[in-house]
Amino acid sequence: QVQLAESGGGLVQPGGSLRLSCAASGSIASIYNMAWYRQAPGEQRELVVLITRSGSTHYVDSVKGRFTISRDNAKNTVYLQMNSLKPEDTAVYYCQMVVTPKGNYGAADYWGQGTRVTVSS
């Protein structure tokens with residue numbers, strides 16, 4: 001079984017920074033895309049940024065220049081560095097990975113449990 005564990009959320013003032021981490025564990029053969037989503041209260045979950053296995057990235061316009069995604073393939077971990085945080089970044093952040101478990105032939109989506117980020121003075 002594959003599990004994703006997130007960490008790094010919390011309360012931060014506007015203009016501050018946070019770094020989120022998400023590590024995959026279990027019987028893993030390959031990890032393809034890694035991504036961060038977020039869901040604000042009363043809103044639908046939205047894609048914030050994704051990173052391919054080769055390192056290509058795609059950011060939603062609202063976070064370009066402020067957020068940076070990175071991955072460590074040796075550690076099966078994805079990071080999200082968030083700078084210049086705004087109140088509208090307040091949400092529960094979820095990591096998502098496309099994983100092929102060992103012994104399986106196909107890949108599937110796996111999700112973390114979510115970590116809350118609150119930007120407020």
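Listing for the model above:
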| read-out | value |
| --- | --- |
| Looking only at the stretch 82-95, and only at residues there that are assigned to a strand (DSSP E or B) and hydrophobic (A, V, I, L, M, F, W, C), the one that is most open to solvent (accessible area, probe 1.4 Å) | Val92 |
| In the stretch 67-81, the residues that are open to solvent by 50 Å² or more (accessible area, probe 1.4 Å), without any contact (Cβ under 8 Å) to a residue 24 or more places away in the chain and part of a strand (DSSP E or B) | Thr68 |
| Residue in the stretch 96-111 that is touching a Cys at 6+ places or on another chain (Cβ under 9 Å) and open to solvent by 80 Å² or more (accessible area, probe 1.4 Å) present | yes |
| Residues being touching a strand residue (DSSP E or B) at 6+ places or on another chain (Cβ under 7 Å) and either closer than 16 Å to Trp111 by Cβ or crowded, with 19+ Cβ neighbours inside 10 Å (or both) - total across the stretch 1-55 | 33 |
| Matching residues in the stretch 32-59 - criterion: being closer than 21 Å to Gly114 by Cβ and more than 14 Å from the chain's Cα centre (by Cα) | Ala40, Pro41, Gly42, Glu43, Gln44 |
| Residue in the stretch 21-39 that is in contact with a Gly (Cβ under 6 Å, 6 or more places away or on another chain) and either in contact (Cβ under 8 Å) with a residue 24 or more places away in the chain or assigned to a loop (DSSP other than H, G, I, E, B) (or both) present | yes |
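The values are calculated or read from the model by the stated rules, or taken from the named source; none is laboratory data. These numbers were taken from a predicted model, which means no experiment stands behind them. Glycine also receives a Cβ, built like all others from the backbone with ideal geometry; neighbour counts cover every protein chain displayed. SASA here: full protein model, heavy atoms, side chains in, ligands and nucleic acids out. Shrake-Rupley method; radii C 1.70, N 1.55, O 1.52, S 1.80 Å.
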